[in-house]
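What follows is a short report on a single structure.
The values are calculated or read from the model by the stated rules, or taken from the named source; none is laboratory data. Model, not experiment: these values are computed from the prediction. Positions of Cβ are generated from backbone atoms using ideal geometry, with glycine treated the same way; all protein chains shown enter the neighbour counts.
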Amino acid sequence: MNTVAIIQARMGSSRLPGKVLRDVCGKPMLAHIVERVSSSRGINRVVVATSDKSADRAIQACCAEKQFDCFRGDEQDVLDRFYQAAKYFNAERVVRITADCPLADPMIIGNLINYFANGEYDHVGVATGAGALFLDGGRYPDGYDAECMSTTALDRAWREATEQTDREHVTPYLWRQPEKFNLAMLKSEIDYSSLRLTVDTEEDFQLVKKIYQDLYRPDRHFLLDDVVRWLGSHSDKLNINQQHIGHEGYEVLWQPTAA
């Protein structure tokens, strides 16, 4: 089955513009994400899906330089951009990653794909972020987000979703409606909900940069366990971005879909 990972990336960001191309250990942050996702078991192709806005030509240029597949589409209707990218690259199964997750874990992504493949699911998400907002325990750190879905489910969301939040955030139309779709969640044996390892602010970026400076090796991808051990011996670094936990605005994505 042709499994395509699509990484959503754009230069525009209300809190940290241009973050996806900021330098981390000599590479754009986006390049690290592509390389980490590419090494995941079960991935056949990785595509960067950016917008057709002029500012995002920089992302297209980065992809051309690094020889990454790139697709450009609507800036605001991200569901359409995502769907069109999946269609263009003949995906049969799609993995969604966002470019604010530079610690994307190839082991977790491989486990996610395996979980999806062994069930008759429409959508399986890693237990973190908005989709796991009301989950009691078993959450991965914010920043390890990944979702796997069938192209059939993606096609249905693309055809049926009309709410702005559903078009902008791609998958809420799926995971908010268990009566329509067969859903599951990949949970963690240890609850890491107190950790924020996404990049949405300058403080987030500085924490991730410090992690990379100590753990990055060109010949080996460090994993969540490595990050947790590092944090255990650098607990003072957790204070860098803790003030942002609980202010992500995930609640709005759980508003009911209009009939």
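The number of residues in segment 142-156 that are of a type in the set (Asp, Glu) and either touching a Lys or Arg at 6+ places or on another chain (Cβ under 7 Å) or buried (at least 24 other Cβ atoms within 10 Å of the Cβ) (or both) comes to 2.
Restricting attention to segment 81-124, the residues that are touching a Lys or Arg at 6+ places or on another chain (Cβ under 9 Å), among the small types (Gly, Ala, Ser) and more than 14 Å from Ile7 (Cβ to Cβ) total 2. For segment 1-51, the tally of residues that are farther than 15 Å from Asp69 by Cα and either in contact with a Phe, Trp or Tyr (Cβ under 6 Å, 6 or more places away or on another chain) or without any contact (Cβ under 8 Å) to a residue 60 or more places away in the chain (or both) stands at 11. As for segment 211-218, it holds no residue that is assigned to a loop (DSSP other than H, G, I, E, B) and among the acidic types (Asp, Glu). Checking Phe222 against (1) touching a Phe, Trp or Tyr at 6+ places or on another chain (Cβ under 8 Å); (2) closer than 24 Å to Val37 by Cα; (3) assigned to a helix (DSSP H, G or I), which test does it fail? All conditions pass for Phe222, except number (3). Can you tell me which of (1) among the acidic types (Asp, Glu); (2) modelled with pLDDT under 90; (3) over 19 Å from the mean Cα position of the chain (by Cα); (4) closer than 19 Å to Gly137 by Cα is the one Glu189 doesn't meet? Going through the list (1) among the acidic types (Asp, Glu); (2) modelled with pLDDT under 90; (3) over 19 Å from the mean Cα position of the chain (by Cα); (4) closer than 19 Å to Gly137 by Cα, Glu189 breaks only (2).
If only one of Gly137, Gly129, Gly119 is at positive phi and over 19 Å from the mean Cα position of the chain (by Cα), which one is it?
Residue meeting the stated conditions: Gly137.
Kindly indicate the residue of segment 160-202 that is in a loop (DSSP other than H, G, I, E, B) and among the aromatic types (Phe, Trp, Tyr) and also nearest to Val78 (Cα to Cα) among those meeting that condition. It comes out as Phe181. Looking at segment 97-119, is at least one residue of a type in the set (S, T, N, Q), touching a Gly at 6+ places or on another chain (Cβ under 8 Å), surrounded by fewer than 21 Cβ atoms within 10 Å (Cβ to Cβ) and in a helix (DSSP H, G or I)? Yes - at least one qualifying residue is present in segment 97-119.
The set of residues in segment 21-52 that are closer than 22 Å to Cys148 by Cβ and β-branched (Val, Ile, Thr) comprises Ile33, Val34, Val37, Ile43, Val46, Val47, Val48, Thr50.
Among the residues of segment 109-143, which ones are within 27 Å of Glu35 (Cβ to Cβ) and of a type in the set (A, V, I, L, M)? Selection gives Ile109, Leu112, Ile113, Ala117, Val124, Val126, Ala127, Ala130, Ala132. Scanning segment 120-153 for residues that are outside any helix (DSSP H, G or I) and of a type in the set (Ser, Thr, Tyr) returns Tyr121, Thr128, Tyr140, Tyr144, Ser150.
Taken over segment 229-249, the criterion of being assigned to a loop (DSSP other than H, G, I, E, B) and either modelled with pLDDT of 90 or more or on the phi < 0 side of the Ramachandran plot (or both) is satisfied by His234, Asn241, Ile245, His247, Glu248.
Every condition in (1) within 23 Å of Tyr83 (Cβ to Cβ); (2) in contact with an Asp or Glu (Cβ under 7 Å, 6 or more places away or on another chain) holds for Asp155 except the one numbered (2). The single residue among Asp226, Asp214, Asp200 that is among the charged types (D, E, K, R), surrounded by 11 or more Cβ atoms within 10 Å (Cβ to Cβ) and at pLDDT below 95 turns out to be Asp200.
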